[in-house]
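The structure under discussion appears below in the form of structure tokens.
The values are calculated or read from the model by the stated rules, or taken from the named source; none is laboratory data. No experiment lies behind these values; they were computed from the predicted model shown. With ideal geometry, Cβ positions are generated from the backbone for all residues, glycine too; neighbour counts draw on all protein chains shown. With ligands, DNA and RNA removed, areas are computed over all heavy atoms of the protein, side chains included. Shrake-Rupley method; radii C 1.70, N 1.55, O 1.52, S 1.80 Å.
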Amino acid sequence: MAQVLLNGLFVGSFYALVALGYSMVYGIIKLLNFAHGDLYMLGAYIGFVVLTGIPGAAEVASVPALLVLVMIAMLTTGLFGVAIERVAYRPLRWAPRLSVLITAVGMSFTLEYGIRQIFGASPKAYPLRISGGLVSVLGAQISVAQISLMLVAALLMAVLAFYVNRTREGRAMRAIALDSRASTLMGIDVNRTISRVFFVGSALAGAAGVMAGAFYGSIDFMMGFSIGLKAFTAAVIGGIGNLYGAMLGGLTLGLLEAVGTAWVGGEWRDVFSFACLILFLTFRPTGLLGARVVERM
Amino acid sequence: MLAAAACAITVTACSGGVAGGPQATTSGGPLKFGMLAPMSGSESAFGDYLKNGASLAVAEINAAGGVNGSQIELIVEDDGCDPTTAVAAANKLVSQGVVASVGGYCSGATLPTLPIFLEAKVPMVIPAANSNALVEAGQANVFLINGTGTQQAQAAVSFATKSKAARIFILDDSTDYSVDLADSFEEQAKAANLTVAGRATLTPKEKDYSGEANKITTSKADFVYFTGYYQEGALLNRQSKDAGYDGIFLVGDGAVDASFAKITGADYTKNVFGTFTQTPDMLEGADNWIASYKAKFGAEPGPYTTQAYDAVRVMAEGIKQAGSTDMDKVVAALNALDGFATFSGPLKFTDKGTLSSGGFVIVTIGPAGTFILHDDLLG
């Protein structure tokens, strides 16, 4: 059982990282950014380009090297996120909600098939691999690589929580989430703050993408699709718009899936976990933390 | 009867026909051979191997005068290894007037095209797809050049027996081909008194299979047979070894690919084996053939190149023997073939349109990271 739970937490921490961006964007402009999962994929490919582009980069297979790579991917994916918002969402800020939803779907396809045209449809083997010895925790096998990735994910989430709750920019984000018109009147640069949210959310997804590439070892242009849907689900379970909810939701979904695989088999996993979610949302439509924390973001 | 006239001129092309008279119904144009192959998608590497193998055969046959005096024209359509795309592509081929189908790589994508070709009275020699479902469709116009799932499962069972597997774990990826092979393997393994410790199905196109890996280790298996494709196989192999599994990891032919070692990682290639049809580099006496392939395409031949090459040759022979492109006559001629030389040995079809001998071997990952011959299961 310990093994099942650990596996679930590991997958869950990826879901949580991606869910955060989903949740933040929804929190601030009430947009379901369907292209968000594809930023995860984009992050993985940016890492791939850096590794294949710089000779010898892939040889330094260590956790510090991975951290540098994660930083580069975060920065670049973040900038892509900002650009996507500028091009596809900002011009439609006051348009009907559905129109923006469709540009988000369009953006998702653009990214997926754009990457497919550039890199081809076949899965790519990741040049950098992190591996390490196995350690035993409460009778379960876990690799050092998994532990370090979970630590990195936890660290990123902690930094994010600090940024949103304790800094000036974070306060601006929370203010806009509450009332963007009033925030404008108070002298907050709304466009700039929204760009910051996209930067941070996309950067987190990019980080998750690189880490998944380096850990699992294969990337493909559709890798963001299913994790995007799952992260969205995680954000909703947690109470969309709520930061801690997204983290909690991601971990919950990961655990549900792991338990589902162990109990009813891999082919029934999604049936099991999503049936649980339907039940859960029937009884608690606002999600885990949605009602308790009134303030969004 | 243009072909009869053509026959009088190009005597060499027609003299090869032993039984069939030169009563072809073809009009003077080229014989269009259609090929469905994955030219895009995760299996696209195989699409090129199929296409090249077939083009080589077409070029050779045309250089030798064609079939019944007509040249062959190969038309390749992308099926993307996807049933919906494949159906559209098959309809496109039919509307272009193909007289024969020599394609089919993914069984799941090939299956729905069978009725389309039957409707259009087009005989099919399928080079790679080999699900039992294709055989069970019971269409007389379908011939499989690759060994079937049953034959592949047989090879896997003999390898399991040979390596003294005590507890076997079977995994499929929920696609037609994979489930079929796993079923067949499970049945034959039980019949051979092997212990099946567990069976599971994974969801393809995901990255995390730690749940499945956990099931393998808790089942205390020492022999795993995975019947899906290479990306999932490579991920599962790595993750099951991380979970503490150290037995034999055998994969079906869909997972035998050079990318397997790259994805799974160099430290994880130990004890990885595959059931596979022979590729040119494993065959004796194929050097000349490999050389002409390299001269034409500037690359090494790969998996299913020989099968695609043979599919075209077998189909051409069938049409030649039938002296016509009429489906019933070609089917009868193909059924009558006995001892026609192919890469998998002298050809003879069973009454179900499958090869009478499968030709599966056991491969393993060599030092260069590619699959090489491990055991031909003959001795």
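Return the total of residues in the stretch B:109-133 being modelled with pLDDT under 90 and either part of a helix (DSSP H, G or I) or open to solvent by 10 Å² or more (accessible area, probe 1.4 Å) (or both).
Residues of the stretch B:109-133 that are modelled with pLDDT under 90, as a first pass: B:130-133.
Then keep just the ones that are either part of a helix (DSSP H, G or I) or open to solvent by 10 Å² or more (accessible area, probe 1.4 Å) (or both); that gives B:132-133.
Of the residues in that region, 2 qualify.
Anything in the stretch B:165-207 that is open to solvent by 30 Å² or more (accessible area, probe 1.4 Å), in contact with a strand residue (DSSP E or B) (Cβ under 6 Å, 6 or more places away or on another chain) and within 14 Å of another protein chain (Cβ to nearest Cβ)? List them, or say none.
Scanning the stretch B:165-207 gives B:Ser174, B:Val179, B:Arg199.
Among the residues of the stretch B:208-228, what is the count of those that are more than 10 Å from chain A (Cβ to nearest Cβ) and either open to solvent by less than 20 Å² (accessible area, probe 1.4 Å) or within 27 Å of B:Glu43 (Cα to Cα) (or both)? Write out each step before concluding.
Residues of the stretch B:208-228 that are more than 10 Å from chain A (Cβ to nearest Cβ), as a first pass: B:216, B:219-228.
Now narrow it down to the ones that are either open to solvent by less than 20 Å² (accessible area, probe 1.4 Å) or within 27 Å of B:Glu43 (Cα to Cα) (or both): B:216, B:219, B:221, B:223-228.
Residues meeting the conditions: 9.
Being within 11 Å of chain B (Cβ to nearest Cβ), polar (S, T, N, Q), within 25 Å of A:Met71 (Cα to Cα) and touching a residue at least 60 places away in the same chain (Cβ under 8 Å) is the requirement here; does A:Ser202 meet it?
Working: within 11 Å of chain B (Cβ to nearest Cβ): no; polar (S, T, N, Q): yes; within 25 Å of A:Met71 (Cα to Cα): yes; touching a residue at least 60 places away in the same chain (Cβ under 8 Å): yes.
It is false that A:Ser202 is within 11 Å of chain B (Cβ to nearest Cβ), polar (S, T, N, Q), within 25 Å of A:Met71 (Cα to Cα) and touching a residue at least 60 places away in the same chain (Cβ under 8 Å).
So A:Val144 passes all but one of these: (1) more than 14 Å from chain B (Cβ to nearest Cβ); (2) surrounded by fewer than 20 Cβ atoms within 10 Å (Cβ to Cβ); (3) β-branched (Val, Ile, Thr). Which condition number does it fail?
Result: A:Val144 fails condition (1) only.
Just for the stretch B:231-242: of the residues that are more than 13 Å from B:Thr175 (Cβ to Cβ) and within 10 Å of chain A (Cβ to nearest Cβ), which one is surrounded by the fewest Cβ atoms within 10 Å (Cβ to Cβ)?
B:Asp242
For the stretch B:243-287, which positions are at the interface with another protein chain (Cβ under 10 Å from one of its Cβ atoms) and assigned to a helix (DSSP H, G or I)?
B:Ala258, B:Ser259, B:Phe260, B:Ala261, B:Lys262, B:Ile263, B:Thr264, B:Ala266, B:Asp267, B:Tyr268
Does B:Asp257 fit the bill of being more than 23 Å from the chain's Cα centre (by Cα) and at pLDDT below 90? So that I can check it myself, show each step before the final result.
Working: more than 23 Å from the chain's Cα centre (by Cα): no; at pLDDT below 90: yes.
Answer is no for this residue.
What is the residue count in the stretch A:220-241 for residues that are more than 9 Å from every other protein chain (Cβ to nearest Cβ) and not in a helix (DSSP H, G or I)? First the steps, then the outcome.
Let us first name the residues in the stretch A:220-241 that are more than 9 Å from every other protein chain (Cβ to nearest Cβ), namely A:221, A:224, A:228-241.
Then drop every residue that is not not in a helix (DSSP H, G or I), which leaves A:221, A:239-241.
Matching residues across the stretch A:220-241 total 4.
With the condition kept exactly as written, say whether any residue in the stretch A:272-280 is within 14 Å of chain B (Cβ to nearest Cβ), crowded, with 21+ Cβ neighbours inside 10 Å and either in contact with a Lys or Arg (Cβ under 7 Å, 6 or more places away or on another chain) or outside any helix (DSSP H, G or I) (or both).
Start the filter on the stretch A:272-280 by keeping residues that are within 14 Å of chain B (Cβ to nearest Cβ), which leaves A:272-274.
Retained after the next criterion (residues that are crowded, with 21+ Cβ neighbours inside 10 Å): A:273.
With either in contact with a Lys or Arg (Cβ under 7 Å, 6 or more places away or on another chain) or outside any helix (DSSP H, G or I) (or both) added as a condition, the list becomes none.
There is no residue in the stretch A:272-280 that is within 14 Å of chain B (Cβ to nearest Cβ), crowded, with 21+ Cβ neighbours inside 10 Å and either in contact with a Lys or Arg (Cβ under 7 Å, 6 or more places away or on another chain) or outside any helix (DSSP H, G or I) (or both).
Taking only the stretch A:108-126 into account, find how many residues are over 17 Å from A:Val25 (Cβ atoms) and open to solvent by less than 40 Å² (accessible area, probe 1.4 Å). Give the derivation first.
We begin by selecting, within the stretch A:108-126, every residue over 17 Å from A:Val25 (Cβ atoms); these are A:109-110, A:112-126.
Next, only the ones that are open to solvent by less than 40 Å² (accessible area, probe 1.4 Å) stay: A:112, A:114-115, A:120-123, A:125-126.
Qualifying residue count, the stretch A:108-126: 9.
Name the single residue, out of those in the stretch A:32-47 being at pLDDT below 95 and open to solvent by 10 Å² or more (accessible area, probe 1.4 Å), that is nearest to the other protein chains (Cβ to nearest Cβ).
Residue satisfying both the conditions and the ranking: A:Phe34.
Give A:Val87, A:Val105, A:Val68, A:Val50 a once-over and let me know the one that is in contact (Cβ under 8 Å) with a residue 60 or more places away in the chain and either among the β-branched types (Val, Ile, Thr) or open to solvent by less than 40 Å² (accessible area, probe 1.4 Å) (or both). Spell out the reasoning first.
Details: A:Val87 fails: in contact (Cβ under 8 Å) with a residue 60 or more places away in the chain; A:Val68 fails: in contact (Cβ under 8 Å) with a residue 60 or more places away in the chain; A:Val50 fails: in contact (Cβ under 8 Å) with a residue 60 or more places away in the chain.
That would be A:Val105, the only listed residue that is in contact (Cβ under 8 Å) with a residue 60 or more places away in the chain and either among the β-branched types (Val, Ile, Thr) or open to solvent by less than 40 Å² (accessible area, probe 1.4 Å) (or both).
Does the stretch B:136-154 contain any residue that is open to solvent by less than 20 Å² (accessible area, probe 1.4 Å), within 14 Å of chain A (Cβ to nearest Cβ) and in contact with a strand residue (DSSP E or B) (Cβ under 7 Å, 6 or more places away or on another chain)? Before you say what the answer is, go through the steps one by one.
So in the stretch B:136-154, the residues open to solvent by less than 20 Å² (accessible area, probe 1.4 Å) come out as B:141-149, B:152-153.
Filter once more, so that each one left must be within 14 Å of chain A (Cβ to nearest Cβ): none.
There is no residue in the stretch B:136-154 that is open to solvent by less than 20 Å² (accessible area, probe 1.4 Å), within 14 Å of chain A (Cβ to nearest Cβ) and in contact with a strand residue (DSSP E or B) (Cβ under 7 Å, 6 or more places away or on another chain).
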